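Notes follow the structure.
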């Protein structure tokens, strides 16, 4: 399940609640494209802004509309007590796997993070992906800690936050981490600008934000890279460079949320306050980019 | 209300719930010492790890046991929707003021943070203190943004994250910020090692973690500084240097939580998992420090 393209859809919402119609519309795009798995309630799914009840509802919808594609549910929360409840909810609702980040408010220690994974993994009957994203969690995993956590029962993948830009250095990085992991634990790259390089460098999966909105484009890159056509994967990714630059400038969530609204796939706004979509200047910038990319690749 | 010593007590808890007896015991120490205000559900009060119901209960207890001392309630949350509910709960329960930090998961923009304060301040009938703590919120205020937010209705104080170590530089810093604020908005220093220097440099208040456990010691420093006895304030603070070093090494929350447990003021553990108190080595280090300080100053 933790291989190939894992697509992370938005959870469209407003101040009243989840936009269920828009959410299932986004899911439909992913099941039609036949992505390898769907990562629901990741950072792109704004999990941390939702109540337990809302997260359960989103999980149920995802399972209901999955059409046989594995559904991986984000169960991260600031408090271990909550994580355990969310793990139980996800399993009961039929999730195929779970994704867990060490979200922090007070800076966490290695021992605290290890204990969190140890406690949660014990209560799981489905596989777990370790979510390493220092930009949002403000926790930095050492490779040693990754190795220790990867040996816990049910741990089957690590979602790493990008790879070095240069291919040989990226290969070295992936190889180095892999020596510390059990053989049944995969490595998935995230940070969409690094997707192609990560896969070309030997990652097993791409945990993708853009894949949650444009699965075909990201499947093209993934299939090429995993078939050994690294140049093709690289070229396909390079064409998206203006978009990757927007991701780095404004954050991938704001960019895909704004595109989803502009394309009529969701209402606008679709993010939980205090988060806002892009402002008028950035929207214009984005419109220009999409219009150029439309001629280059099959963007709507 | 936002002047003098504002003492921030722990919210002692376990995985089942709040330890109400221990919490009121801590409150009693603060009311007996007659601190100038009590900052409930700040970072030291672990607000972000509690449910809305638990936060309401803690607020009600604090108001009930306040003995006429102003109670300032932390209403911060990741989502604006929650902040508004918490503000309503705090006001209905009788809070004298509220404290609001721009807690973030996705990195927030200046516009998003300003809009949050604008929206919340409009619904308030009690004064608000802006909580600037980049270590936990991962948001950095510019002075310009502080000035804009300070002009919103109900905003009456800014809790700043420390001052430069050198007194003249600290004075310059406080003076510079003050030129941007309306006259009725106070500046309070936080980060306990900076308390004395902050007050000596012209801050109106000290938002103190140690004050939540040892109010008399921190009142001594505060009273001296506000009376212009800057050398006395400075000397009193310098005696606590070993403790400030522990704060910087392990985080003030873990240190005061461990002391509270060691002194029998709360059970052990008293923090919400994944957070843990200090390990055995650090506890021994702390015991030695407390034993030395006991002879120096009136520590229990």
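The values are calculated or read from the model by the stated rules, or taken from the named source; none is laboratory data. Nothing here was measured: the structure is a model prediction, and the numbers come from that model. Glycine gets a Cβ as well: all are built from the backbone with ideal geometry, and neighbour counts include every protein chain shown.
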Among the candidates A:221, A:187, which residue alone is touching a residue at least 24 places away in the same chain (Cβ under 8 Å), under 25 Å from residue A:265 (Cβ atoms) and touching a helix residue (DSSP H, G or I) at 6+ places or on another chain (Cβ under 7 Å)?
-> A:221
Name every residue in segment A:219-251 that is more than 28 Å from residue B:107 (Cβ to Cβ) and not in a helix (DSSP H, G or I), in order of residue number.
-> A:227, A:228, A:229
Given the structure, is residue B:68 in contact (Cβ under 8 Å) with a residue 60 or more places away in the chain, away from chain A (no Cβ under 14 Å) and under 21 Å from the mean Cα position of the chain (by Cα)?
-> no
Looking at segment A:271-292, is at least one residue assigned to a loop (DSSP other than H, G, I, E, B) and surrounded by fewer than 18 Cβ atoms within 10 Å (Cβ to Cβ)?
-> yes
Output the residues belonging to segment B:81-99 that are touching a strand residue (DSSP E or B) at 6+ places or on another chain (Cβ under 9 Å) and within 11 Å of chain A (Cβ to nearest Cβ).
-> B:83
Could you tell me whether any residue of segment B:229-239 is free of Cβ contacts under 8 Å to residues at least 40 places away in the same chain, exposed (fewer than 14 other Cβ atoms within 10 Å of the Cβ) and more than 16 Å from residue B:196 (Cα to Cα)?
-> no
Name every residue in segment A:58-74 that is in a helix (DSSP H, G or I) and crowded, with 18+ Cβ neighbours inside 10 Å, in order of residue number.
-> A:58, A:59, A:61, A:62
Within the bounds of segment B:24-44, is there any residue that is out of contact with any helix residue (DSSP H, G or I) (no Cβ under 9 Å at 6 or more places or on another chain), touching a residue at least 12 places away in the same chain (Cβ under 8 Å), more than 13 Å from every other protein chain (Cβ to nearest Cβ) and in a loop (DSSP other than H, G, I, E, B)?
-> no
Hey, residue B:5 within 18 Å of the chain's Cα centre (by Cα), away from chain A (no Cβ under 14 Å) and within 19 Å of residue B:253 (Cβ to Cβ) or not | yes
Residue B:207 is checked against (1) part of a helix (DSSP H, G or I); (2) in contact (Cβ under 8 Å) with a residue 24 or more places away in the chain and fails just one. What number does that condition carry?
-> (1)
Which of the residues that make up segment B:200-218 are surrounded by fewer than 21 Cβ atoms within 10 Å (Cβ to Cβ) and in contact with a strand residue (DSSP E or B) (Cβ under 8 Å, 6 or more places away or on another chain)?
-> B:202, B:204
Considering segment B:243-263 alone, what residues qualify as being buried (at least 16 other Cβ atoms within 10 Å of the Cβ), more than 14 Å from chain A (Cβ to nearest Cβ) and under 20 Å from the mean Cα position of the chain (by Cα)?
-> B:243, B:244, B:246, B:259, B:260, B:261
Looking at this structure, is residue B:78 buried (at least 21 other Cβ atoms within 10 Å of the Cβ), under 18 Å from residue A:105 (Cα atoms) and more than 14 Å from chain A (Cβ to nearest Cβ)?
-> no
Would you check if there is a residue in segment B:51-64 being in contact with a helix residue (DSSP H, G or I) (Cβ under 9 Å, 6 or more places away or on another chain) and under 17 Å from residue B:157 (Cα atoms)?
-> no
Test: residue B:101 is surrounded by 23 or more Cβ atoms within 10 Å (Cβ to Cβ), at pLDDT 95 or above and more than 16 Å from the chain's Cα centre (by Cα) = no
Would you mind stating whether residue A:289 is away from chain B (no Cβ under 14 Å) and more than 18 Å from the chain's Cα centre (by Cα)?
-> yes
The residue that is farthest from the other protein chains (Cβ to nearest Cβ), considering only those in segment A:127-145 that are farther than 18 Å from residue B:78 by Cα and surrounded by fewer than 19 Cβ atoms within 10 Å (Cβ to Cβ), is A:143
For residue B:281, work out the one condition from (1) touching a helix residue (DSSP H, G or I) at 6+ places or on another chain (Cβ under 9 Å); (2) within 14 Å of chain A (Cβ to nearest Cβ) it doesn't fulfil.
-> (1)
